[in-house]
Amino acid sequence: WTENGDVVSTEAQYSFTVTSNRTLTANFELQTFVITATASPAAGGTVSGAGTYSYNQTAILTATPATGYDFVSWTENGDVVSTEVQYSFTVTSHRTLTAKFELQTFVITATATPAAGGTVSGAGTYSYNQTATLTATPATGYNFVSWTENGDTVSVDSTYVFAVTADRELTANFRLIINIPEHETYRALVFPNPTNGIVSIRIKDWNSKTIAIEIYNSVGQCVMTCEETATEELIRLNLSSLHPGMYYLTMRFNNRFVTERIVLQ
């Protein structure tokens with residue numbers, strides 16, 4: 001309470017004995033409240049908008065996740081009050097709020113090709129920046145070739161170690177081992193090599209009319225099979241349906257194997 005600019009009382013109820021005319025003023029001010037905001041965990045992100053607000057003023061709190069984290073919710077006294085990154089409310093009291101963050105998780109998928117070529121381990125769900133270790137184990141009769149992702153080679157080591165920052169689908173490529181005893185080895189002439197698509201095959205001392213052919217790409221995948229019948233030593237093969245690159249041509253006849261490397265331009 002003031003009179004002529006002077007404070008005469010700080011009590012809401014002011015009692016006095018009247019002895020003269022008086023002009024008094026009851027002075028009011030808006031209440032202010034403190035809004036506190038913190039991040040949990042502290043490394044999960046940052047918060048803004050905390051501070052002192054007047055009664056009925058609008059507070060806007062914003063949660064910004066750090067790299068590798070997702071925002072989960074705003075909580076107060078353990079209760080969820082919002083799941084929006086930006087939380088807006090009218091201030092009517094002191095409040096202590098917490099922005100909850102959690103580490104992102106990603107799925108690492110690993111498969112073997114061909115399926116009979118071997119086994120893989122280490123696939124699963126990982127947290128952001130966690131270390132994944134994938135291991136490729138060849139089956140009997142196969143060699144490990146490479147790890148690929150979307151057709152691109154990412155490692156040629158059977159154990160592939162990397163930090164997880166995204167979902168990934170990886171393939172362990174195996175190649176069939178063809179063991180040919182020296183006394184059973186035949187020599188095939190494949191020409192022209194390199195080729196634009198049509199190749200001729202001539203095998204020394206070939207006395208079979210039927211030859212089974214399998215073609216493998218550079219990562220050990222069988223991309224073409226066929227069976228050719230001829231009455232002469234020379235066979236013509238059309239490879240124009242394949243993409244340019246290096247291939248392995250495996251021929252089976254008379255219970256024998258012949259393998260030759262060819263380049264398709």
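The values are calculated or read from the model by the stated rules, or taken from the named source; none is laboratory data. As the structure is a computational prediction, the values presented were derived from the model and not from experiment. Backbone-built Cβ (ideal geometry, glycine too); neighbour counts: all protein chains shown. Surface areas here come from the heavy atoms of the whole protein model, side chains and all, with no ligands, DNA or RNA. Shrake-Rupley method; radii C 1.70, N 1.55, O 1.52, S 1.80 Å.
Summary of computed values
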| read-out | value |
| --- | --- |
| Options Thr137, Asn193, Ile215, ranked by Cα towards positive dipole end of the chain, top entry (Cβ charges) | Asn193 |
| Test item: Cα-centred dipole of the chain, Lys/Arg +1 and Asp/Glu -1 on Cβ, debye | 920 debye |
| Where labels lie 7 Å past Cα in the beta-carbon direction, separation of Thr75 and Ile177 in nm | 5.5 nm |
| Max mean-square fluctuation residue, GNM over the chain, Cα-Cα springs under 10 Å, options Pro244, Pro114, Pro65 | Pro244 |
| Charge-dipole axis of region 1-153 as Lys and Arg at +1 and Asp and Glu at -1 on Cβ define it, positive-most pick from Ser54, Phe28, Phe71 | Phe71 |
| Antiparallel bridge percentage (DSSP; both residues within region 32-98; nearest 5) | 80 percent |
| Heavy-atom accessible surface of the chain: percent carbon and sulfur, 1.4 Å | 46 percent |
| Computed over the chain: relative contact order in percent, which uses C-alpha pairs under 8 Å that are six or more apart | 11 percent |
| Candidate values [x] 25.9; [y] 19.4; [z] 20.7, label of the one derived for Kirkwood radius over Cα pairs in Å | [x] |
| Summed side-chain charge close to Tyr14 - residues other than Tyr14 whose Cβ falls under 15 Å, Lys, Arg +1, Asp, Glu -1 | -2 |
| Neighbour-limited loop hits for chymotrypsin sites (Phe, Trp or Tyr not before Pro), region 1-59 (at most 10 other Cβ within 10 Å; DSSP other than H, G, I, E, B) | Phe16, Phe28 |
| Where the chain is the region considered: accessible area per residue in Å², 1.4 Å probe | 60 Å² |
| Magnitude of the charge dipole, region 34-191, Cβ model with Lys/Arg +1 and Asp/Glu -1, debye to 20 | 140 debye |
| Exposure of Val72 as accessible area (Å², to 10), given a probe of 1.4 Å and all protein chains | 60 Å² |
| Bins of 5 Å, starting at 0 and running to the largest distance - Cα pair percent for region 1-58 | 4, 13, 15, 12, 9, 9, 8, 7, 6, 6, 4, 3, 2, 1 |
| By average C-beta atoms within 10 angstrom, highest first, the peptides 101-111, 149-159, 87-97 | 101-111, 87-97, 149-159 |
| Qualifying GluC sites (Glu not before Pro) in region 9-99, DSSP loop, other Cβ atoms within 10 Å at most 10 | Glu11, Glu29 |
